[in-house]
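J.: Dropping a structure here in structure tokens format, bear with me for questions.
The values are calculated or read from the model by the stated rules, or taken from the named source; none is laboratory data. Small disclaimer: the values here were computed from a predicted structure and weren't measured. Glycine gets a Cβ as well: all are built from the backbone with ideal geometry, and neighbour counts include every protein chain shown. Just the protein is used for accessible areas: all its heavy atoms, side chains included, with ligands, DNA and RNA removed. Shrake-Rupley method; radii C 1.70, N 1.55, O 1.52, S 1.80 Å.
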Amino acid sequence: MVSHFDEKSGVVPCGTEWGRWWQNVDEVHVEIISFKNLKAKDVSIKITPSTIKCSYLGEIILEGKLFRPVHADEAVWTIEDNGSLLNIVLPKADYAAKEIVWEALTADEKYHADPVTLHEMRKKLDLEKFQIENPGFDFSNAKLSKSYDKAPEQS
């Protein structure tokens with residue numbers, strides 16, 4: 001479910017012990033890399049508007065309160081790459097109304113983006129917003145001179 005903009009410009013991933021997460025304007029993607037041959041019947045994914053729990057054969061891989069709310073009923077997960085990748089897509093609940101950049105995957109900030117990654121995420125999301133607002137132009141390789149030293153206020 002990578003957007004056309006992401007295909008052209010790439011993603012800005014935040015690495016974790018289980019894989020990585022990244023975001024675009026309207027979704028957060030969670031990619032869990034496994035050295036096992038994952039089967040759907042052995043995977044349990046529970047997503048609410050504010051929480052996520054992912055386990056494999058009863059062993060919890062990821063659990064916590066999400067950094068921001070999601071549309072849980074629209075979340076999707078797939079097993080890819082011959083069972084070695086579990087991909088979870090979380091639609092952001094508040095993307096359209098605000099300039100929201102997830103600084104972490106979970107509210108406890110366990111999977112927090114480091115300052116450089118967060119800076120790059122902010123730039124990428126700004127470029128994606130420009131692309132959405134100006135569909136006739138290609139911003140996938142554009143450079144921004146905006147300063148991202150201070151995080152925008154989030155409610």
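J.: For the stretch 80-104, what are the residues that are β-branched (Val, Ile, Thr) and at pLDDT 95 or above?
T.: Taking the stretch 80-104 as the starting set, the residues that turn out to be β-branched (Val, Ile, Thr) are 88-89, 100-101.
Residues satisfying the conditions are ILE88, VAL89.
J.: Could you grab the pairs with beta carbons closer than 7 Å, sequence gap of 6+ or different chains, first residue in the stretch 19-33 and on the phi > 0 side of the Ramachandran plot, second one of a type in the set (Val, Ile, Thr) and buried (at least 20 other Cβ atoms within 10 Å of the Cβ)?
T.: GLY19/ILE32
J.: Now for a different question. Taking the stretch 130-155 only, how many residues are crowded, with 16+ Cβ neighbours inside 10 Å and either among the aliphatic types (A, V, I, L, M) or modelled with pLDDT of 65 or more (or both)?
T.: Count: 1.
J.: With the requirement that a residue be closer than 19 Å to VAL12 by Cβ and in contact with a strand residue (DSSP E or B) (Cβ under 7 Å, 6 or more places away or on another chain), what does the stretch 24-69 give you?
T.: Residues satisfying the conditions are ASP26, GLU27, VAL28, HIS29, VAL30, GLU31, ILE32, ILE33, LEU66, PHE67, ARG68.
J.: Restricting attention to the stretch 39-59, does a residue exist that is open to solvent by 80 Å² or more (accessible area, probe 1.4 Å), assigned to a strand (DSSP E or B) and free of Cβ contacts under 8 Å to residues at least 12 places away in the same chain?
T.: Taking the stretch 39-59 as the starting set, the residues that turn out to be open to solvent by 80 Å² or more (accessible area, probe 1.4 Å) are 39, 41, 46, 57, 59.
If we keep only those that are assigned to a strand (DSSP E or B) as well, we get 46, 59.
This time we only want the ones that are free of Cβ contacts under 8 Å to residues at least 12 places away in the same chain, so: 46, 59.
Yes, the stretch 39-59 has at least one match.
J.: Related question: List, please: which pairs have Cβ atoms under 7 Å, are six or more places apart or on different chains, and start with a residue in the stretch 65-86 that is at positive phi and end with one that is surrounded by 14 or more Cβ atoms within 10 Å (Cβ to Cβ) and part of a strand (DSSP E or B)?
T.: From residues that are at positive phi, there are no pairs.
J.: Answer yes or no as to whether ASP73 is of a type in the set (Asp, Glu) and modelled with pLDDT of 95 or more.
T.: Taking the combined requirement at face value, the residue satisfies it.
J.: Taking the stretch 81-90 as the search range and keeping residues that are over 13 Å from the mean Cα position of the chain (by Cα) and closer than 16 Å to ILE61 by Cβ, which one is most open to solvent (accessible area, probe 1.4 Å)?
T.: Within the stretch 81-90, the match that is most open to solvent (accessible area, probe 1.4 Å) is SER84.
J.: Another question about this same structure. Of the numbered conditions (1) outside any helix (DSSP H, G or I); (2) farther than 17 Å from TRP21 by Cβ, GLU63 satisfies every one except a single condition; which is it?
T.: Every listed condition holds for GLU63 apart from (2).
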